[in-house]
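Undergrad: The structure's right below; bear with me while I get my questions together.
The values are calculated or read from the model by the stated rules, or taken from the named source; none is laboratory data. The model shown is predicted, which means the values in this text are computed figures rather than measured ones. Cβ placement follows ideal geometry from the backbone for every residue including glycine, while neighbour counts extend to all protein chains displayed. The protein model used for the area step is the full one, side chains on, heavy atoms only, and it has no ligands, DNA or RNA in it. Shrake-Rupley method; radii C 1.70, N 1.55, O 1.52, S 1.80 Å.
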Amino acid sequence: MTGPTHKQYSVTFAFLANILLFYYGITEINYYLALPIMLLTSKYGALFPDVDHAWQNVKDKTVPNWIINKIIHLTGGKHRSWQTHSIDICALFTVAAFFVPKILFKYDKISLVNMEVMSIILIGFASGWVSHIFSDMLTSAGVRLICFLKVKIALVPKHIGKLRFNTGNEWEAFCFKSTRIINIVLGIFAIIYPLISLGYFNIILDKINNYI
Ligand SMILES: [Zn+2]
């Protein structure tokens with residue numbers, strides 16, 4: 001998938017991740033403060049894996065991207081290689097995003113506030129990375145299941161009839177448009193979710209009913 005499609009999926013995953021954080025009480029940060037942080041960090045997590053292209057083809061020529069690009073290429077990476085496009089590496093990072101801040105706090109290495117901030121940034125970044133892996137699995141090139149095996153897995157075949165499931169074709173245009181619609185619906189749900197889960201929504205509806 002290309003950058004604009006990855007951005008759309010990063011929004012979907014950030015909305016879902018923020019709802020889950022709230023539902024499981026993983027963060028103490030207010031839901032509505034966490035949401036914009038999650039959206040921003042998820043976007044970066046969703047765009048960084050494709051910094052593995054040759055540097056002249058990387059659109060966003062920032063210093064952090066230059067460093068990431070150099071690390072990937074110095075460790076023998078090219079586009080969609082193990083460093084950024086393996087399910088196991090992404091899963092390891094996601095697990096670390098949950099536990100590393102808590103462990104650092106437990107052993108008095110960071111304060112409570114810093115643990116919360118570190119958690120939300122890392123979890124947001126992880127949600128974007130997971131969204132990238134998921135959306136690249138919707139292309140026939142797929143991603144690696146395990147970093148040291150060259151076998152790639154995808155959720156779609158190479159083609160069905162004339163419809164090809166590679167990057168930059170009608171299939172990607174369909175994914176982009178459908179995810180944008182999902183994001184509008186999910187976005188509305190994400191905004192009112194705390195009101196629903198805390199019962200405020202029912203109270204408001206009752207008041208409207210009484211008023212009518
Ligand atoms: Zn990719």
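Undergrad: Equivalent-ellipsoid semi-axes (√(5λ), Cα gyration tensor) for the range 39-99, whole Å, largest first? List each step's numbers first, then the result.
TA: Details: eigenvalues 79, 44, 17 Å².
Output for the range 39-99: semi-axes of 20, 15, 9 Å.
Undergrad: Note the full-extension length gain between residue 158 and residue 33 as 0.36 nm times their separation in residues minus their Cα-Cα distance, in nm to one decimal. It would help to have the intermediate numbers written out before the result.
TA: On the way: separation 125, 0.36 × 125 = 45.00 nm, distance 4.17 nm.
Extra length from residue 158 to residue 33 when fully extended: 40.8 nm.
Undergrad: Then there's this: Let me cross-check residue 28: its accessible surface, 1.4 Å probe, with only protein heavy atoms counted, in Å² to the nearest 10?
TA: Rounded to the nearest 10, the figure is 150 Å².
Undergrad: A further question on this structure: Would you kindly state how much longer the chain becomes between residue 185 and residue 93 on full extension, computed as 0.36 nm times their sequence separation minus their alpha carbon distance, in nm to one decimal? Write down the numbers at each step before the final one.
TA: Working: separation 92, 0.36 × 92 = 33.12 nm, distance 2.91 nm.
Result for the pair: 30.2 nm of gain on full extension.
Undergrad: Starting from the Cα gyration tensor of the chain, multiply each eigenvalue by 5, take the square root, and state the resulting semi-axes largest first in whole Å. Numbers along the way, then the final one.
TA: On the way: eigenvalues 218, 123, 39 Å².
Working from the Cα gyration tensor, I get semi-axes of 33, 25, 14 Å.
Undergrad: For the range 99-212, I need the span (max minus min coordinate) of the C-alpha atoms along each principal axis, in Å, sorted largest to smallest.
TA: On the principal axes, the range 99-212 reaches 58, 54, 16 Å in Cα extent.
Undergrad: Put one equal scatterer on each alpha carbon of the range 30-71, apply the Debye formula with no solvent term, and list log10 I(q)/I(0) at q = 0.21 1/Å to two decimals.
TA: -0.66
Undergrad: Quick check: convex hull of the Cα atoms in the range 1-78, volume per residue, rounded to a whole Å³?
TA: So the per-residue hull volume is 112 Å³.
Undergrad: What is the chain's relative contact order, in percent, from Cα pairs under 8 angstrom and six or more apart in sequence? Let's see the in-between values first.
TA: On the way: 280 pairs, mean separation 57.3, N = 212.
It comes to 27 percent, rounded to a whole number.
Undergrad: If you don't mind, another one. Evaluate E = 1/(1 + (r/R0)^6) for residue 109 and residue 67, where r is the Cβ-Cβ distance and R0 equals 30 Å; express this FRET efficiency to the nearest 0.05.
TA: Numbers: r = 24 Å, r/R0 = 0.81.
FRET efficiency, residue 109 to residue 67: 0.80.
Undergrad: Another question, then. Could you tell me the distance between the Cα centroids of the range 155-184 and the range 10-46, to the nearest Å?
TA: Taking the Cα centre of each part, the range 155-184 and the range 10-46 sit 26 Å apart.
Undergrad: Once both labels are modelled 7 Å past Cα along the beta-carbon direction, what's the residue 2-residue 74 spacing in nm?
TA: Here the answer is 3.2 nm between the modelled labels.
Undergrad: Provide the descending list of Cα extents for the range 167-212 along its principal axes, expressed in whole angstroms.
TA: Over the range 167-212, Cα extents along the principal axes are 53, 22, 9 Å.
Undergrad: Please report Rg over Rh for the range 135-193, where both radii come from the alpha carbon positions and Rh follows the Kirkwood definition.
TA: Details: Rg = 14.9 Å, Rh = 13.2 Å.
Here the Rg-to-Rh quotient is 1.13.
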